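Just below is one structure, and these are the notes that go with it.
The values are calculated or read from the model by the stated rules, or taken from the named source; none is laboratory data. Since the model is a prediction, treat every value here as computed from it, not as a measurement. Cβ coordinates were reconstructed from backbone atoms using ideal geometry, including for glycine residues, and neighbour counts include every protein chain displayed. Protein only, heavy atoms only, side chains kept; ligands, DNA and RNA dropped before computing areas. Shrake-Rupley method; radii C 1.70, N 1.55, O 1.52, S 1.80 Å.
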Amino acid sequence: MKPLSKNIIIGIIAILVVSALFSSYSLNADEPEEVTLATLVEEIEAGQVSAIDIEGVEVLVTLTDGTTQTSRKESSVSISEVLIDYGLTAEQLRAADITIKDRSTRSYILGVILPSLLPLLILILIFWFMIRQMQGANNRAMSFGMSGAKEMKDSKQKISFKDVAGAKEAKEELQEVVEFLKHPKKFSDLGAKLPKGVLLMGRPGTGKTLLARAVAGEAGVPFFHISGSEFVEMFVGVGASRVRDLFSKAKKAAPCIVFVDEIDAVGRQRGSGLGGSHDEREQTLNQILVEMDGFDPNIGVIVIAATNRPDVLDPALLRPGRFDRRVVIDLPDIKDREAILDVHAKNKPLAEDVKLHRVAERTPGFSGADLMNLLNEAAIRAARRDDTKISQEDVLDSIEKVLLGPERKSYVMSKEEKKVTAYHEAGHALVAHLLPNCDPIHKVSIISRGMAGGYTLKLPSEDRRLHKRAEFIDDMAMMLGGFIAEKETFGDVTTGASDDLRKCTQLAREIVTRYGMSEKLGPRVFGNAQEMVFLGREIHEQRNYSEKTAEAIDAEVENFVNSAMETARDIIRKEKLQLDKIAKKLLEDEVIEKEGFEALFETKSS
Ligand code: ADP
Ligand code: MG
Ligand code: ZN
């Protein structure tokens, strides 16, 4: 509440200033002598008075020699009456040739009305400040129905499809939208109905917002950008009126694009809300639906919406005539990753040895935003080295930084801890290397990074979207490799394996309940992950199976974990010498890269 206290201070200062003015007004430097009215009468009789000024009850007397005196009278009677009452005759008064000025009205305002009004004025002022302050906080709440949509028409950095690397299919789909916007007549003359809505779906950071802006840039039309969460305010009904306002603005600016980012904030399935805000969301959503149905498709307003949760959207949004075009934006594959890296490397000086292809290889599962972040981290790392160019090492190190968090070089492990970590990571690496369905090892390290004590980096050799059961089973063994290696070597286990165990158990449960990969339970999905809207995460699983099935699921999960454990144990017992070798090398070098790791296995066979 800093601004509020600032306003109070301003208010206090205002009061001080005003009261200072007032005190200086009433505090005339030389206090004139105060005389009685009888004295005044005598002075008039003596012809010494040249002027009399009246201010309410104050009588200000100026004598012929220039000195001033004050006196008082009742405010209800005039000065001449008073003087006559005191024995002055009318002739004497006339003869005295006195200018009598009544400044009462002016002084009445200054002296009576203003002081009594002033506190009121100050209060009003303070309230005004406070209300303004509140408006600052909820600016949009006060301007109720305004959509607050940002129109980005002639933005300086106009984005075109060139700035969006990869995403070929998405661009093709959207190219059509660009055509509609550029030549709406061409289509309507043929009786074609323009699409009203395009829904961009994709994981966070895959470039949905970027693509939408590129469409506007390509078509050269106004672009209204609003985020779904901006519709949801503290007052019910604001969202709906904002939608109305947004669409009426858009219709005036047609042809144009209305871009609703993160539409899942309002477009979640109706009736699934919890807490107070869902009424508001429903009204807003209804209004969006009404507006989308309401306008003539051929006026050229195209609504583009983006979401990373298409699964939670209300089916009504997806009905034909609304967002009937759906564009899925996938995580970039290796080619696209290289292209995205190229785009973002444009304004960065790279050393000759930087092979963006190698970087793309090492970053499966990275989104466009991750890749941008990666290059940025690399640039920061280079700058901190006081280099003028970004080296390959900067980039590769940043991959791990983005994946796992920053290196914690300052964290000094005890010798004992280091040994345990080395064996733990060696266990992962060994099991992964020897099982056919695990991804190849790229790096093993016992330098702490983020939350991890050490890490084993394995990366798929190609992008994959489907996963085989055999992969999961080998992965589980690999996850337990660290735990088993500790146990087999030291006869005890540490807390370092807890994250591995959690992931392994989770995977086993998913194999059984989600992928239907358990032979005993068959191809069924168990449980119904229900959304709790206010957290936006699955926190509550609805059971749609019996107690007996629950037991069977638990037993199956246990089976999977146990057999993974056996696989890992067999490997580590059989290859104990190899495990020692990897661990020893790790203790020496702290980091083993892919080539070095593979070399360890070659020397064994020869
Ligand atoms: P989303 O809206 O899907 O979460 P954004 O469009 O905001 O993701 O993307 C975030 C940033 O990632 C963009 O500003 C852009 O710099 C980068 N980016 C994402 N995808 C791409 C791409 N295909 N080509 C170039 N840059 C991309
Ligand atoms: Mg976005
Ligand atoms: Zn581990």
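Annotation for segment 170-197 versus segment 206-223: alpha-carbon center distance of 15 Å.
At 0.36 nm per residue, and after removing the present C-alpha to C-alpha distance, how many nm does the segment from I124 to R94 gain when stretched out fully? Display every interim value, and only then the final one.
On the way: separation 30, 0.36 × 30 = 10.80 nm, distance 4.98 nm.
Going from the current span to full extension adds 5.8 nm.
With 32 Å as the limit, the listed pairs K182/K401; K418/K594; K415/K576; K208/K348; K193/K468; K252/K335 have K182/K401; K193/K468; K252/K335 beyond it between alpha carbons. Spherically averaged projected area of the convex hull of Cα atoms, segment 334-403: 3.9 nm². Here segment 443-497 yields Rg over Rh of 1.04, to two decimals, using C-alpha coordinates and the Kirkwood radius.
Computed from backbone phi with θ = phi - 60° and the Karplus coefficients 6.51, -1.76 and 1.60, the 3J(HN,Hα) list for segment 512-518 is 7, 8, 10, 9, x, 9, 8 Hz; x is used for glycine and proline. In whole Å, what is the distance between the alpha-carbon centres of segment 470-523 and segment 403-447? When both Cα centres are located, 17 Å separates them.
What a 1.4 Å probe finds exposed on segment 334-403 is 49% carbon and sulfur by accessible area, rounded to a whole percent. Rolling a 1.4 angstrom probe over the protein heavy atoms with all chains in place gives segment 334-403 an accessible area of 50 Å² per residue. Residue ranking by accessible heavy-atom surface, 1.4 Å probe, largest first, among E352, E377, E462 comes out as E352, E462, E377. Label-to-label distance, K101 versus R384, with points set 7 angstrom from Cα along the beta-carbon direction: 7.8 nm.
Close amide-amide hydrogen proximity is noted between C256 and V301, I302, each under 5 Å apart and 5 or more residues distant or on a separate chain (H modeled in the peptide plane; Pro and chain starts excluded). Here the 3J(HN,Hα) profile of segment 462-477, calculated from phi with Karplus coefficients 6.51, -1.76 and 1.60 at θ = phi - 60°, is 9, 6, 10, 10, 9, 10, 8, 4, 4, 4, 4, 5, 5, 4, 4, 4 Hz, Gly and Pro shown as x.
Rounded, prolate or oblate: pick one for segment 33-103, where a ≥ b ≥ c are the square roots of the eigenvalues of its C-alpha gyration tensor, a/c under 1.5 means rounded, and failing that, prolate if a/b is larger than b/c, else oblate. Rounded shape, in that the Cα axes give a/c under 1.5.
Between rounded, prolate and oblate, where does segment 151-328 land on the alpha carbon gyration tensor, with a ≥ b ≥ c its root eigenvalues, rounded for a/c under 1.5, else prolate if a/b exceeds b/c?
prolate
For the pair S75 and S248, a Förster radius of 56 Å applied to the C-beta separation gives a FRET efficiency near 0.35, rounded to the nearest 0.05.
Taking amide hydrogens as placed 1.01 Å from N in the peptide plane, the amide H of V327 sits under 5 Å from those of L199, L200, M201, each at least 5 positions away in sequence or on another chain.
Applying 1/(1 + (r/R0)^6) with r as the Cβ-Cβ distance of I9 and K584 and R0 = 51 angstrom yields a FRET efficiency of 0.15. Size check on segment 164-249: the Cα extents along the three principal axes, sorted descending, read 43, 34, 19 Å.
A Förster radius of 30 Å, combined with the Cβ-Cβ distance separating D499 from K355, puts the computed FRET efficiency at roughly 0.40.
Taking θ as phi - 60° and the Karplus parameters 6.51, -1.76 and 1.60, the scalar couplings of segment 52-62 work out to 10, 10, 10, 10, x, 8, 7, 10, 10, 9, 10 Hz in sequence order, x denoting glycine and proline.
Could you give the accessible area per residue of segment 415-601, probe 1.4 Å, as a whole number in Å²?
Per-residue accessible area for segment 415-601 comes out at 53 Å².
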